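Just below is one structure, and these are the notes that go with it.
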Amino acid sequence: VLVKGENHGKTADEHLMVRSDCAFPTLYQIRQQGRFTTPVAYATAHMAALFIKFFPRELSGVFAPEVLPEETRRAILSGIRNNSIRITHKITALKRQGEDEEEI
């Protein structure tokens, strides 16, 4: 997942690129666990199960992950880390392309 965002600091605006990667078990490691599935299906099912497990029962509808309550997001992330899934974040400062660009 690659996300580009902006951070507005006190002295000047910074343009940052935030990259988050998840490393799931390999096909060999999945087979060692006695499961017969593909890595893509394993990752999808694992993430869906965590969202279902920690999703608040009183909410209904369709939500993007970033609009879920903070405690729900933290519970999902802790569940990910507890299941041998590694998450890495890399933040890169981007150079300004030009001052005459229009802001959207």
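The values are calculated or read from the model by the stated rules, or taken from the named source; none is laboratory data. Everything quoted here is computed from the prediction, not taken from an experiment. For the accessible areas, the whole protein counts, side chains as well, though only heavy atoms, and no ligand, DNA or RNA atoms are used. Shrake-Rupley method; radii C 1.70, N 1.55, O 1.52, S 1.80 Å.
Descriptive notes on the structure:
Here is a yes/no grid of residues against (1) modelled with pLDDT of 85 or more; (2) of a type in the set (S, T, N, Q); (3) open to solvent by 100 Å² or more (accessible area, probe 1.4 Å):
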residue	(1), (2), (3)
D13	no, no, no
R19	no, no, yes
F36	yes, no, yes
A43	yes, no, no
A48	yes, no, no
R74	yes, no, yes
I80	no, no, no
S84	no, yes, no
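- Filter result (among the β-branched types (V, I, T) and closer than 15 Å to N83 by Cα) within the stretch 13-46: T26, I30, T44
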